[in-house]
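The values are calculated or read from the model by the stated rules, or taken from the named source; none is laboratory data. If you're wondering where the values come from, they're calculated on a predicted model, not measured in any experiment. Cβ coordinates were reconstructed from backbone atoms using ideal geometry, including for glycine residues, and neighbour counts include every protein chain displayed. We work out accessible area using only protein heavy atoms, side chains counted, and drop any ligands, DNA or RNA first. Shrake-Rupley method; radii C 1.70, N 1.55, O 1.52, S 1.80 Å.
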Amino acid sequence: GSYAVVWSVKSDSEKALKIGREDDLSDRESRMLGKISPHENVIRLYEAFAWNRRTVMVVDVMDIDLFTLRREYDFDRFDVCRQLVAGIGHIHSCGVIHCDIKPENVLARFDEASKKWIIKLCDFGGASAAGGTDICDYGQTVAYRSPEMIVGDSKAIQPPVDMWSYAAIVFEIFTENVLFDPYDSKYYSARSTASYESSLRSNAEQLALMEELLGKFPKKFTKKHREYFNARGRIKNLGDIKKIN
């Protein structure tokens, strides 16, 4: 991944080592996982330590991510969604908001005994504590962000932002399409965030995809975020957006 590499442990078939990039000694992920009691649908942290200017975590070993599972394997879609929402509900009960739920951050392992896929929520490097006491400003993946996360409302980092991401994944699992795909835009690249202006533009385009499907945003929301909306509650520089029937 972008921030760490994961190795399976030869002497223990049940565990893996997640080794951070050099000079990255952030303890956010281990700190957040430390708040979460063990659950069958959440990756488990057994130990964390610093080594050679890196952070190392001992975690559950898994096979593939949900992105790969969806594309390459047959599986019980309802069961996978049930397991994922169970994991999300558990971390919320422990006071942790994941903030970056996406297919790549959901891991799967095939259990030979039950002949089914076991799902675990992983990668808590961008997670935050509920209540605003320990907020992470790490950028989340555009396609799965709620409107509140897109506009950067840190006070809105609550369980609903994870449920928005979960709903987007459910849609993707059953339709094999991304619900709000930023790469569909004709006006910007999803990675075009080299400047503040291009970041505003890409976020506005993502809001437009949502408005197309769901209709206009509530007045309270548009008034609060004038960097994206004009006085009439319309997304700036995009004109009128018609709702899809």
Filter result for the condition that a residue is among the β-branched types (Val, Ile, Thr) and within 18 Å of ASN105 (Cα to Cα), over VAL9, VAL85 | VAL85
Residue within segment 65-82 that is surrounded by 13 or more Cβ atoms within 10 Å (Cβ to Cβ), within 16 Å of the chain's Cα centre (by Cα) and of a type in the set (D, E, K, R) present | yes
Filter segment 109-123 down to residues that are closer than 15 Å to ALA16 by Cβ and within 16 Å of the chain's Cα centre (by Cα), then give me how many there are.
-> 3
Filtering helices (runs of 4 or more DSSP H) wholly in segment 64-155 for at least 3 residues that are within 30 Å of LYS219 (Cβ to Cβ) and among the hydroxyl-bearing types (Ser, Thr, Tyr) gives none
The condition from (1) open to solvent by 50 Å² or more (accessible area, probe 1.4 Å); (2) among the hydroxyl-bearing types (Ser, Thr, Tyr); (3) over 19 Å from the mean Cα position of the chain (by Cα) that THR55 misses is numbered (1)
Any hit, segment 111-124, residues being surrounded by 18 or more Cβ atoms within 10 Å (Cβ to Cβ), among the basic types (Lys, Arg) and modelled with pLDDT of 95 or more = yes
